[in-house]
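S.K.: One structure follows; several queries about it will come next.
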Amino acid sequence: MPRPILATIHPQALRHNLEQVRRAAPDAQLLCVAKANAYGHGVEHAFQGLRAADGFAVLEIAEAQRLRALDWRGPILLLEGVFEPRDLELCSRLGLWHTVHCDAQIDWLAAHKTQVPHRVFLKMNSGMNRLGFTPERFRSAWARLNALPQVEEISFITHFSDADGPRGTAHQLQVFEQTTHDLPGERSLSNSAAALLQGTREAVRGDWVRPGIVLYGSSPDYPTHTADHWGLQPAMSLTSQIIGTQQLHAGDTVGYGSTFTAEGDLRLGVVACGYADGYPRLCGTGTPVLVNGVRTRLLGRVSMDMVCVDLTPVPDAQLGSEVVLWGRSPRHGSVLSIDEVAAAAGTVGYELMCAVAARVPVVSDEDALRH
(Lines give C-alpha, C1' and ligand atoms only; values in the text may rest on other atoms or scores of the structure.)
Protein backbone atom coordinates (compact mmCIF):
# COMPACT_ATOMS: atom_id res chain seq x y z
CA MET A 1 0.00 0.00 0.00
CA PRO A 2 1.17 3.61 -0.48
CA ARG A 3 2.59 5.61 2.41
CA PRO A 4 -0.43 6.96 4.34
CA ILE A 5 0.19 10.72 4.06
CA LEU A 6 -2.46 12.59 2.04
CA ALA A 7 -3.48 16.17 1.25
CA THR A 8 -7.25 16.40 0.82
CA ILE A 9 -8.85 19.44 -0.82
CA HIS A 10 -12.34 20.49 0.26
CA PRO A 11 -14.19 22.30 -2.58
CA GLN A 12 -17.17 22.97 -0.34
CA ALA A 13 -14.89 24.92 2.02
CA LEU A 14 -13.67 26.97 -0.93
CA ARG A 15 -17.28 27.76 -1.87
CA HIS A 16 -18.00 28.78 1.71
CA ASN A 17 -14.92 31.00 1.97
CA LEU A 18 -15.71 32.64 -1.36
CA GLU A 19 -19.15 33.50 -0.06
CA GLN A 20 -17.61 35.05 3.07
CA VAL A 21 -15.66 37.44 0.85
CA ARG A 22 -18.79 38.28 -1.14
CA ARG A 23 -20.53 39.23 2.08
CA ALA A 24 -17.62 41.47 3.05
CA ALA A 25 -17.51 43.13 -0.39
CA PRO A 26 -21.06 42.79 -1.74
CA ASP A 27 -20.72 45.37 -4.52
CA ALA A 28 -17.31 44.32 -5.84
CA GLN A 29 -16.43 41.60 -8.31
CA LEU A 30 -14.02 38.90 -7.16
CA LEU A 31 -10.79 38.00 -8.94
CA CYS A 32 -9.90 34.82 -7.07
CA VAL A 33 -6.15 34.44 -6.80
CA ALA A 34 -5.03 30.99 -7.98
CA LYS A 35 -1.30 31.58 -8.39
CA ALA A 36 1.30 29.11 -7.08
CA ASN A 37 -0.88 26.22 -8.27
CA ALA A 38 -3.80 27.67 -6.30
CA TYR A 39 -1.68 28.09 -3.19
CA GLY A 40 -0.61 24.46 -3.38
CA HIS A 41 -4.16 23.12 -3.62
CA GLY A 42 -3.96 22.40 -7.35
CA VAL A 43 -5.65 24.59 -9.95
CA GLU A 44 -7.99 21.79 -11.02
CA HIS A 45 -9.03 20.92 -7.46
CA ALA A 46 -9.48 24.56 -6.43
CA PHE A 47 -11.55 25.32 -9.52
CA GLN A 48 -14.19 22.85 -8.32
CA GLY A 49 -14.89 25.17 -5.40
CA LEU A 50 -14.28 28.53 -7.06
CA ARG A 51 -16.46 28.28 -10.17
CA ALA A 52 -18.64 31.09 -8.79
CA ALA A 53 -15.74 33.55 -9.06
CA ASP A 54 -16.12 36.55 -11.35
CA GLY A 55 -12.57 36.01 -12.56
CA PHE A 56 -9.21 34.52 -11.65
CA ALA A 57 -5.78 36.04 -11.08
CA VAL A 58 -2.67 33.96 -11.74
CA LEU A 59 1.04 34.49 -12.18
CA GLU A 60 1.91 32.35 -15.17
CA ILE A 61 0.36 31.75 -18.56
CA ALA A 62 0.55 28.00 -17.90
CA GLU A 63 -1.90 28.44 -15.00
CA ALA A 64 -4.20 30.45 -17.25
CA GLN A 65 -4.04 27.67 -19.84
CA ARG A 66 -5.10 25.14 -17.21
CA LEU A 67 -8.11 27.28 -16.31
CA ARG A 68 -9.10 27.60 -19.96
CA ALA A 69 -8.75 23.82 -20.31
CA LEU A 70 -11.32 23.53 -17.50
CA ASP A 71 -13.70 25.49 -19.76
CA TRP A 72 -13.39 28.73 -17.79
CA ARG A 73 -14.37 31.48 -20.24
CA GLY A 74 -14.39 34.39 -17.80
CA PRO A 75 -11.64 36.91 -17.01
CA ILE A 76 -8.12 35.81 -16.12
CA LEU A 77 -5.58 38.42 -15.01
CA LEU A 78 -1.80 37.89 -15.15
CA LEU A 79 -0.73 39.60 -11.93
CA GLU A 80 2.83 40.36 -13.05
CA GLY A 81 1.94 40.79 -16.69
CA VAL A 82 3.99 39.29 -19.49
CA PHE A 83 7.66 38.41 -19.18
CA GLU A 84 8.62 38.72 -22.85
CA PRO A 85 7.02 40.10 -26.03
CA ARG A 86 5.86 36.77 -27.45
CA ASP A 87 3.69 36.24 -24.35
CA LEU A 88 1.36 38.88 -25.77
CA GLU A 89 0.35 36.53 -28.59
CA LEU A 90 -0.78 33.98 -25.99
CA CYS A 91 -2.69 36.72 -24.18
CA SER A 92 -4.52 37.46 -27.43
CA ARG A 93 -5.20 33.80 -28.11
CA LEU A 94 -6.39 32.98 -24.57
CA GLY A 95 -8.19 36.27 -23.95
CA LEU A 96 -6.07 37.19 -20.93
CA TRP A 97 -5.98 40.48 -19.08
CA HIS A 98 -2.49 41.47 -17.98
CA THR A 99 -0.80 43.88 -15.63
CA VAL A 100 1.53 46.55 -16.97
CA HIS A 101 4.07 47.65 -14.38
CA CYS A 102 7.10 48.90 -16.35
CA ASP A 103 8.09 50.76 -19.50
CA ALA A 104 9.34 47.62 -21.25
CA GLN A 105 5.86 46.08 -21.14
CA ILE A 106 4.42 49.20 -22.79
CA ASP A 107 7.16 49.02 -25.46
CA TRP A 108 6.26 45.38 -26.16
CA LEU A 109 2.59 46.27 -26.53
CA ALA A 110 3.42 49.11 -28.91
CA ALA A 111 5.30 46.67 -31.16
CA HIS A 112 2.71 43.90 -30.87
CA LYS A 113 0.70 43.08 -33.99
CA THR A 114 -2.76 41.89 -33.03
CA GLN A 115 -6.33 41.88 -34.29
CA VAL A 116 -7.57 41.68 -30.70
CA PRO A 117 -6.85 44.74 -28.53
CA HIS A 118 -5.92 44.00 -24.93
CA ARG A 119 -7.36 44.89 -21.55
CA VAL A 120 -4.52 45.91 -19.26
CA PHE A 121 -4.25 46.75 -15.57
CA LEU A 122 -1.81 49.62 -15.07
CA LYS A 123 -0.03 49.10 -11.78
CA MET A 124 0.86 51.87 -9.38
CA ASN A 125 3.62 51.58 -6.81
CA SER A 126 1.67 53.38 -4.09
CA GLY A 127 4.12 52.45 -1.33
CA MET A 128 4.76 48.69 -1.49
CA ASN A 129 7.90 49.39 -3.55
CA ARG A 130 7.89 46.19 -5.52
CA LEU A 131 6.34 46.45 -8.99
CA GLY A 132 4.57 49.41 -10.55
CA PHE A 133 4.96 52.98 -11.74
CA THR A 134 5.55 55.61 -9.09
CA PRO A 135 2.77 58.19 -8.72
CA GLU A 136 5.00 60.75 -10.47
CA ARG A 137 5.25 58.55 -13.57
CA PHE A 138 1.86 56.89 -13.48
CA ARG A 139 -0.10 59.37 -15.59
CA SER A 140 2.51 59.47 -18.34
CA ALA A 141 2.40 55.66 -18.48
CA TRP A 142 -1.38 55.85 -18.75
CA ALA A 143 -1.11 58.37 -21.59
CA ARG A 144 1.24 56.07 -23.51
CA LEU A 145 -1.10 53.10 -23.10
CA ASN A 146 -4.16 55.14 -23.92
CA ALA A 147 -2.64 56.13 -27.26
CA LEU A 148 -2.00 52.54 -28.37
CA PRO A 149 -4.44 50.84 -30.75
CA GLN A 150 -3.32 47.53 -29.18
CA VAL A 151 -5.02 48.54 -25.91
CA GLU A 152 -8.81 48.42 -25.63
CA GLU A 153 -9.32 49.19 -21.94
CA ILE A 154 -7.13 50.38 -19.08
CA SER A 155 -7.91 49.48 -15.49
CA PHE A 156 -5.87 50.40 -12.42
CA ILE A 157 -4.27 48.19 -9.79
CA THR A 158 -2.15 48.59 -6.69
CA HIS A 159 -1.20 46.38 -3.75
CA PHE A 160 -1.39 47.21 -0.04
CA SER A 161 1.64 46.49 2.12
CA ASP A 162 0.00 46.84 5.54
CA ALA A 163 -3.67 45.95 5.15
CA ASP A 164 -3.25 43.33 7.90
CA GLY A 165 -1.44 45.61 10.35
CA PRO A 166 -1.77 48.80 12.37
CA ARG A 167 -0.46 51.08 9.61
CA GLY A 168 -3.41 50.10 7.44
CA THR A 169 -4.17 51.26 3.91
CA ALA A 170 -4.95 54.98 4.24
CA HIS A 171 -1.50 56.24 3.22
CA GLN A 172 -1.47 54.21 0.01
CA LEU A 173 -5.13 54.82 -0.76
CA GLN A 174 -4.57 58.59 -0.55
CA VAL A 175 -1.70 58.43 -3.04
CA PHE A 176 -3.69 56.20 -5.39
CA GLU A 177 -6.80 58.37 -5.32
CA GLN A 178 -4.89 61.63 -5.77
CA THR A 179 -3.18 60.23 -8.85
CA THR A 180 -6.12 58.48 -10.53
CA HIS A 181 -9.21 60.41 -9.41
CA ASP A 182 -10.01 61.81 -12.88
CA LEU A 183 -8.86 58.85 -14.98
CA PRO A 184 -11.53 56.52 -16.41
CA GLY A 185 -11.29 52.82 -15.66
CA GLU A 186 -12.07 50.15 -13.10
CA ARG A 187 -9.97 49.77 -9.96
CA SER A 188 -8.55 46.71 -8.20
CA LEU A 189 -7.17 47.50 -4.76
CA SER A 190 -8.03 45.05 -2.01
CA ASN A 191 -6.27 41.82 -1.18
CA SER A 192 -7.70 39.37 1.37
CA ALA A 193 -6.87 41.48 4.41
CA ALA A 194 -8.20 44.71 2.95
CA ALA A 195 -11.39 43.05 1.74
CA LEU A 196 -12.22 41.68 5.20
CA LEU A 197 -10.76 44.33 7.50
CA GLN A 198 -12.05 47.38 5.66
CA GLY A 199 -15.64 46.18 5.81
CA THR A 200 -17.94 48.08 3.48
CA ARG A 201 -15.55 50.93 2.57
CA GLU A 202 -16.15 51.04 -1.16
CA ALA A 203 -13.14 53.29 -1.82
CA VAL A 204 -10.79 50.62 -0.47
CA ARG A 205 -12.51 47.67 -2.09
CA GLY A 206 -12.63 49.07 -5.61
CA ASP A 207 -14.40 47.39 -8.52
CA TRP A 208 -12.39 44.15 -8.34
CA VAL A 209 -11.32 42.54 -5.04
CA ARG A 210 -8.44 40.04 -5.18
CA PRO A 211 -9.03 37.44 -2.43
CA GLY A 212 -6.23 34.97 -1.99
CA ILE A 213 -5.36 33.37 1.34
CA VAL A 214 -8.90 33.72 2.75
CA LEU A 215 -10.26 31.47 0.01
CA TYR A 216 -8.04 28.67 1.28
CA GLY A 217 -9.10 29.01 4.90
CA SER A 218 -6.25 30.95 6.49
CA SER A 219 -6.71 34.21 8.38
CA PRO A 220 -5.03 37.19 6.67
CA ASP A 221 -4.23 38.84 10.02
CA TYR A 222 -3.45 35.90 12.31
CA PRO A 223 -2.93 35.97 15.30
CA THR A 224 -4.97 39.17 15.72
CA HIS A 225 -7.94 37.27 14.29
CA THR A 226 -8.30 33.55 13.68
CA ALA A 227 -9.88 31.79 10.74
CA ASP A 228 -12.85 31.05 13.00
CA HIS A 229 -13.29 34.77 13.65
CA TRP A 230 -13.66 35.37 9.90
CA GLY A 231 -15.91 32.33 9.48
CA LEU A 232 -13.39 30.51 7.29
CA GLN A 233 -13.10 26.77 6.76
CA PRO A 234 -9.87 24.90 5.92
CA ALA A 235 -9.68 24.08 2.21
CA MET A 236 -6.82 21.60 2.68
CA SER A 237 -6.28 18.88 5.26
CA LEU A 238 -2.87 17.23 5.57
CA THR A 239 -3.39 13.83 7.20
CA SER A 240 -1.36 10.74 7.95
CA GLN A 241 -1.28 7.82 10.36
CA ILE A 242 0.62 6.44 13.32
CA ILE A 243 3.16 3.96 11.89
CA GLY A 244 4.93 3.06 15.13
CA THR A 245 4.92 3.55 18.91
CA GLN A 246 7.52 3.69 21.65
CA GLN A 247 7.24 3.59 25.43
CA LEU A 248 9.50 6.20 27.00
CA HIS A 249 10.73 6.44 30.58
CA ALA A 250 12.18 9.32 32.56
CA GLY A 251 15.40 10.49 30.92
CA ASP A 252 14.69 9.03 27.48
CA THR A 253 15.22 11.46 24.60
CA VAL A 254 13.53 11.78 21.22
CA GLY A 255 14.92 12.33 17.75
CA TYR A 256 17.94 14.07 16.27
CA GLY A 257 19.77 16.28 18.73
CA SER A 258 17.82 14.79 21.65
CA THR A 259 15.91 18.05 21.99
CA PHE A 260 13.11 16.45 24.03
CA THR A 261 13.69 14.55 27.27
CA ALA A 262 10.88 12.64 28.94
CA GLU A 263 10.26 13.61 32.56
CA GLY A 264 8.42 10.37 33.26
CA ASP A 265 6.66 7.50 31.54
CA LEU A 266 5.25 8.58 28.17
CA ARG A 267 3.87 6.80 25.14
CA LEU A 268 5.07 8.19 21.82
CA GLY A 269 3.64 7.80 18.33
CA VAL A 270 5.62 7.97 15.11
CA VAL A 271 3.81 9.67 12.20
CA ALA A 272 4.50 9.27 8.47
CA CYS A 273 5.18 12.93 7.73
CA GLY A 274 8.38 14.96 7.62
CA TYR A 275 10.07 17.94 6.08
CA ALA A 276 10.45 16.09 2.77
CA ASP A 277 6.63 16.20 2.63
CA GLY A 278 6.66 19.96 3.16
CA TYR A 279 6.01 19.91 6.89
CA PRO A 280 8.18 22.67 8.40
CA ARG A 281 11.38 21.46 10.01
CA LEU A 282 11.28 24.43 12.38
CA CYS A 283 8.21 23.04 14.13
CA GLY A 284 9.44 21.78 17.50
CA THR A 285 8.13 20.24 20.69
CA GLY A 286 4.70 21.61 21.48
CA THR A 287 3.51 22.16 17.91
CA PRO A 288 -0.17 21.15 17.89
CA VAL A 289 -1.37 18.03 16.08
CA LEU A 290 -4.57 15.95 16.18
CA VAL A 291 -4.55 12.21 16.81
CA ASN A 292 -7.94 10.51 16.50
CA GLY A 293 -9.41 14.02 16.61
CA VAL A 294 -7.73 14.80 19.95
CA ARG A 295 -5.30 17.68 20.28
CA THR A 296 -1.79 16.74 21.33
CA ARG A 297 1.77 17.90 20.56
CA LEU A 298 4.91 17.15 18.58
CA LEU A 299 7.94 15.84 20.47
CA GLY A 300 11.51 16.58 19.35
CA ARG A 301 12.71 17.55 15.91
CA VAL A 302 10.95 17.00 12.61
CA SER A 303 12.82 14.40 10.55
CA MET A 304 12.84 14.01 6.78
CA ASP A 305 10.08 11.39 6.76
CA MET A 306 8.71 11.25 10.31
CA VAL A 307 7.53 13.26 13.29
CA CYS A 308 6.92 12.05 16.81
CA VAL A 309 3.84 12.90 18.85
CA ASP A 310 2.77 12.61 22.48
CA LEU A 311 0.05 9.96 22.84
CA THR A 312 -0.67 10.75 26.50
CA PRO A 313 -4.02 12.49 25.70
CA VAL A 314 -4.95 9.67 23.28
CA PRO A 315 -4.49 6.38 25.17
CA ASP A 316 -6.43 4.40 22.56
CA ALA A 317 -4.10 5.44 19.71
CA GLN A 318 -2.41 2.60 17.87
CA LEU A 319 -0.89 1.70 14.50
CA GLY A 320 -3.12 3.18 11.79
CA SER A 321 -4.67 5.86 14.01
CA GLU A 322 -5.56 9.04 12.14
CA VAL A 323 -3.23 12.04 12.44
CA VAL A 324 -4.13 15.54 11.24
CA LEU A 325 -1.13 17.81 10.70
CA TRP A 326 -3.48 20.66 9.75
CA GLY A 327 -7.05 20.96 8.56
CA ARG A 328 -10.15 18.94 9.42
CA SER A 329 -10.27 15.42 10.79
CA PRO A 330 -12.24 13.33 8.26
CA ARG A 331 -13.36 10.90 10.94
CA HIS A 332 -13.90 13.16 13.94
CA GLY A 333 -14.62 16.61 12.45
CA SER A 334 -12.23 18.51 14.74
CA VAL A 335 -10.10 21.25 13.13
CA LEU A 336 -6.49 22.28 13.52
CA SER A 337 -5.84 25.64 11.91
CA ILE A 338 -2.90 25.80 9.51
CA ASP A 339 -2.14 29.20 11.03
CA GLU A 340 -1.33 27.62 14.39
CA VAL A 341 1.11 25.20 12.82
CA ALA A 342 2.70 27.96 10.76
CA ALA A 343 3.11 30.13 13.85
CA ALA A 344 4.98 27.31 15.58
CA ALA A 345 7.43 27.37 12.67
CA GLY A 346 7.72 31.15 12.72
CA THR A 347 6.05 31.51 9.34
CA VAL A 348 2.61 31.98 7.75
CA GLY A 349 -0.05 29.63 6.43
CA TYR A 350 0.73 30.63 2.82
CA GLU A 351 4.13 28.97 3.02
CA LEU A 352 2.83 25.68 4.38
CA MET A 353 0.15 25.43 1.68
CA CYS A 354 2.59 26.18 -1.11
CA ALA A 355 5.32 23.91 0.28
CA VAL A 356 3.43 20.59 0.26
CA ALA A 357 5.84 18.32 -1.59
CA ALA A 358 5.18 16.65 -4.92
CA ARG A 359 5.45 13.22 -3.31
CA VAL A 360 2.32 13.88 -1.22
CA PRO A 361 -0.82 12.68 -3.05
CA VAL A 362 -3.45 15.42 -3.43
CA VAL A 363 -7.11 14.49 -3.81
CA SER A 364 -10.46 16.26 -3.72
CA ASP A 365 -12.96 14.87 -1.24
CA GLU A 366 -15.73 15.50 -3.77
CA ASP A 367 -13.89 13.38 -6.34
CA ALA A 368 -13.59 10.64 -3.73
CA LEU A 369 -17.34 10.76 -3.07
CA ARG A 370 -18.10 10.47 -6.79
CA HIS A 371 -15.98 7.33 -6.93
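The values are calculated or read from the model by the stated rules, or taken from the named source; none is laboratory data. Computed from a predicted structure; not experimentally measured. Positions of Cβ are backbone-derived with ideal geometry, glycine not excepted, and every protein chain shown enters the neighbour counts. When the accessible area is computed, the model is the full protein with side chains, heavy atoms only, and any ligands, DNA or RNA have been set aside. Shrake-Rupley method; radii C 1.70, N 1.55, O 1.52, S 1.80 Å.
S.K.: Which helices (runs of 4 or more DSSP H) does region 25-106 wholly contain that include 2 or more residues that are at positive phi and either open to solvent by 50 Å² or more (accessible area, probe 1.4 Å) or touching a residue at least 12 places away in the same chain (Cβ under 8 Å) (or both)?
M.R.: 35-39
S.K.: Would you mention how many residues in region 233-254 are open to solvent by 10 Å² or more (accessible area, probe 1.4 Å) and assigned to a loop (DSSP other than H, G, I, E, B)?
M.R.: 6
S.K.: Now a separate question. If you go through region 262-283 one residue at a time, do you hit one that is closer than 21 Å to Ile9 by Cβ, open to solvent by less than 60 Å² (accessible area, probe 1.4 Å) and touching a Pro at 6+ places or on another chain (Cβ under 7 Å)?
M.R.: Checked region 262-283: at least one residue is closer than 21 Å to Ile9 by Cβ, open to solvent by less than 60 Å² (accessible area, probe 1.4 Å) and touching a Pro at 6+ places or on another chain (Cβ under 7 Å).
S.K.: While we're looking at this one, here's another question. Taking the criterion of being among the hydroxyl-bearing types (Ser, Thr, Tyr), part of a helix (DSSP H, G or I) and open to solvent by 10 Å² or more (accessible area, probe 1.4 Å), would at least one residue in region 7-15 satisfy it?
M.R.: Checking region 7-15: not a single residue is among the hydroxyl-bearing types (Ser, Thr, Tyr), part of a helix (DSSP H, G or I) and open to solvent by 10 Å² or more (accessible area, probe 1.4 Å).
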